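Here the structure is laid out as structure tokens; the discussion comes afterwards.
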């Protein structure tokens with residue numbers, strides 16, 4: 001997984017660009033039980049991941065099943081410092097999530113897509129309440145962007161999910177300039193700098 005979640009040859013920080021998003025799984029009575037997270041890697045990182053794992057596209061431009069399963073297995077072995085990319089908050093406090101499970105990998109329009117589940121350690125009743133999810137990686141080595149419309153699955157009742165895209169301001173330009181000067185081995189001084197550039201999903205239940 002170090003090859004999947006490690007450095008790419010790109011020079012500027014961030015180094016990897018991932019589209020995707022998060023769907024919400026509900027059980028009974030508007031109780032949130034799990035998140036379904038989707039990562040869609042950029043084209044350059046897709047080629048890098050394939051080469052790093054001695055894989056290649058077949059004659060039809062797709063993945064052979066054996067290669068797909070190899071990638072899927074690697075997405076079952078997450079590094080100890082994995083911070084999830086999906087950060088769920090309720091009343092300003094983080095909601096603990098289980099380790100990623102049930103990874104599914106496929107090639108979508110020439111890009112590697114990984115989908116996995118993050119179960120909540122304790123299911124969260126949301127009837128009449130709100131929660132917010134930020135989609136980011138703490139060091140901003142990975143730049144995540146919500147491009148998928150969030151889906152509410154199960155007994156979501158009156159809940160609705162709205163994407164709140166990151167909106168830059170003048171202060172962000174100087175931060176981004178400093179980040180761009182970092183090599184892939186360097187870590188930003190702010191240990192949670194990715195939060196500054198995070199797209200969010202507001203989950204509201206009436």
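Select, from 57, 49, the only residue that is touching a helix residue (DSSP H, G or I) at 6+ places or on another chain (Cβ under 8 Å), at negative phi, modelled with pLDDT under 95 and not in a helix (DSSP H, G or I).
Details: 49 fails: not in a helix (DSSP H, G or I).
Within the list 57, 49, the selection yields 57.
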- Query: Can we say residue 11 is at pLDDT below 95 and not in a loop (DSSP other than H, G, I, E, B)?
  - Reply: no
- Query: Quick one: residue 107 ticks every box in (1) touching a helix residue (DSSP H, G or I) at 6+ places or on another chain (Cβ under 8 Å); (2) not in a strand (DSSP E or B) bar one, so which box is it?
  - Reply: (2)
- Message: Looking at the structure I just gave you, is residue 42 at pLDDT below 90 and either touching a helix residue (DSSP H, G or I) at 6+ places or on another chain (Cβ under 8 Å) or within 23 Å of residue 145 (Cβ to Cβ) (or both)?
- Response: no
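Does residue 33 satisfy the criteria of being at pLDDT below 90, in contact with a strand residue (DSSP E or B) (Cβ under 9 Å, 6 or more places away or on another chain) and either in a strand (DSSP E or B) or on the phi < 0 side of the Ramachandran plot (or both)? Talk me through it step by step, then tell me what you get.
On the way: at pLDDT below 90: no; in contact with a strand residue (DSSP E or B) (Cβ under 9 Å, 6 or more places away or on another chain): yes; either in a strand (DSSP E or B) or on the phi < 0 side of the Ramachandran plot (or both): yes.
No; evaluated as a whole, the condition is false for this residue.
When the residues of the stretch 123-166 are narrowed to those that are on the phi > 0 side of the Ramachandran plot and part of a loop (DSSP other than H, G, I, E, B), which ends up nearest to the chain's Cα centre (by Cα)? Outline the logic, then answer.
We begin by selecting, within the stretch 123-166, every residue on the phi > 0 side of the Ramachandran plot; these are 128, 140, 154, 157.
Narrowing further to those that are part of a loop (DSSP other than H, G, I, E, B): 128, 140, 157.
Values: 128: 27, 140: 12, 157: 26 Å.
Applying the filter and picking the extreme gives 140.
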- Note on the structure: Residues in the stretch 103-122 that are at positive phi and modelled with pLDDT of 95 or more total 0
- Query: In the stretch 79-104, how many are within 21 Å of residue 198 (Cβ to Cβ), without any contact (Cβ under 8 Å) to a residue 24 or more places away in the chain and outside any loop (DSSP other than H, G, I, E, B)?
  - Reply: 2
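The values are calculated or read from the model by the stated rules, or taken from the named source; none is laboratory data. The structure presented is a predicted model; accordingly, all values stated were derived computationally and were not measured. We place every Cβ from the backbone using ideal geometry, glycine too, and count neighbours over all the protein chains shown.
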